[in-house]
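For reference, the structure is listed below as C-alpha cells.
The values are calculated or read from the model by the stated rules, or taken from the named source; none is laboratory data. Note that the structure is a prediction, hence the values are computed from the model and not measured. No Cβ is skipped: glycine too gets one built from the backbone with ideal geometry, and neighbour counts run over all protein chains shown.
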C-alpha cells in the first residue's frame with residue numbers, strides 16, 4: 001500500500017490557504033471550488049484523493065492523458081471532470097461524452113465543433129471562455145477587450161452553455177503582480193455575468209493555480225486549479 005500521507009498534508013494545507021484567502025476577500029471559503037490538476041498524476045493517486053480526501057473535481061490538460069485514465073478513475077458519477085488545456089477541434093469528439101466542463105474555449109471554430117459534437121450526443125456542454133488576461137501573443141485565449149463580443153457569438157449555440165470565464169495569467173517575476181491581471185479579468189467576469197449569463201445560478205470565475213492562487217481568490221476567483229501544490233510528494 002502506497003503512503004499517501006503527503007497528499008493528506010497537502011490537501012489540508014491548500015484548504016487552509018483557500019480559507020485564509022477567502023477571509024481576506026470576505027467570501028465564503030466553501031464557495032471556492034478546488035479542481036485538482038491531474039496532468040502528471042497517476043490513477044491510483046487520483047482515486048485516493050477522490051475516495052479519501054473528498055476531491056470532487058479534477059482537470060486534465062491533454063486529451064490523450066484523459067483517455068488513458070478515464071476508465072480507471074473510480075466513482076466517476078461522484079466527480080466532475082474538466083478539460084483545462086488547449087483543445088484542438090479534431091479532438092473534441094473524443095472527450096465530449098467524458099467531461100463535465102471545457103474551460104478553454106478560445107475560438108468560434110472550436111465552439112462550432114463543441115456544439116456539433118454535443119448535439120450528436122444529445123447533451124448541452126458547459127464551457128468557460130478562456131481570457132488572455134496578459135495579452136500575450138504566444139498564448140491562447142480571447143483578448144479582454146473582445147470578450148463581450150465573443151460572448152454574444154457563443155450564446156447563439158444551442159448545445160453550449162456558457163458558465164463563466166477562465167484565465168491563466170501571465171508569468172510575473174513577482175507573484176503579487178498577477179493581481180492586477182486577475183482584478184481586470186474579474187471586472188470583465190462581473191460585467192459578462194450581469195449582462196449576458198445572468199440566467200446561470202453560480203457563474204464560474206476560474207482563476208489561479210498553484211503559484212499565486214491566493215491572489216486570484218482575493219481578486220474574486222471562485223474556482224482554483226491546483227496541480228503541483230496538491231500532488232507533489
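Applying the selection to the range 100-111, what residues are in contact with a helix residue (DSSP H, G or I) (Cβ under 8 Å, 6 or more places away or on another chain) and either exposed (fewer than 15 other Cβ atoms within 10 Å of the Cβ) or more than 15 Å from residue 162 (Cα to Cα) (or both)?
108, 109
Within the range 118-125, does at least one residue satisfy the condition of being in a loop (DSSP other than H, G, I, E, B) and touching a strand residue (DSSP E or B) at 6+ places or on another chain (Cβ under 7 Å)?
yes
Take the conditions under 20 Å from residue 168 (Cβ atoms), modelled with pLDDT of 95 or more and within 18 Å of the chain's Cα centre (by Cα) and apply them to residue 46. Does it pass?
So residue 46 fails the test.
Checking residue 200 against (1) modelled with pLDDT of 95 or more; (2) in contact with a strand residue (DSSP E or B) (Cβ under 7 Å, 6 or more places away or on another chain); (3) over 19 Å from residue 37 (Cβ atoms), which test does it fail?
Here residue 200 clears every test but (1).
Tell me the residue from 170, 137 that is exposed (fewer than 14 other Cβ atoms within 10 Å of the Cβ) and either in contact with a helix residue (DSSP H, G or I) (Cβ under 6 Å, 6 or more places away or on another chain) or in a loop (DSSP other than H, G, I, E, B) (or both), please.
None of the others qualify; the one that does is 137.
State which residue is surrounded by the fewest Cβ atoms within 10 Å (Cβ to Cβ) when the search covers only the range 140-159 and only residues that are in contact with a helix residue (DSSP H, G or I) (Cβ under 8 Å, 6 or more places away or on another chain) and closer than 16 Å to residue 193 by Cα.
153
For the range 194-212, enumerate the residues that are crowded, with 18+ Cβ neighbours inside 10 Å and within 18 Å of residue 127 (Cβ to Cβ).
197, 203, 204, 205, 206, 207, listed by residue number.
Of all the residues that make up the range 188-222, how many are under 20 Å from residue 106 (Cβ atoms) and assigned to a helix (DSSP H, G or I)?
Residues in the range 188-222 being under 20 Å from residue 106 (Cβ atoms) and assigned to a helix (DSSP H, G or I): 6 in total.
Only one of these is outside any helix (DSSP H, G or I) and under 20 Å from residue 208 (Cβ atoms): 87, 55. Name it.
The unique qualifying residue is 55.
Can you tell me which of (1) out of contact with any helix residue (DSSP H, G or I) (no Cβ under 8 Å at 6 or more places or on another chain); (2) crowded, with 20+ Cβ neighbours inside 10 Å is the one residue 62 doesn't meet?
Of the numbered conditions (1) out of contact with any helix residue (DSSP H, G or I) (no Cβ under 8 Å at 6 or more places or on another chain); (2) crowded, with 20+ Cβ neighbours inside 10 Å, the odd one out for residue 62 is (2).
Can you tell me which condition residue 47 does not meet? The list is (1) touching a helix residue (DSSP H, G or I) at 6+ places or on another chain (Cβ under 7 Å); (2) assigned to a helix (DSSP H, G or I), and all the others hold.
(1)
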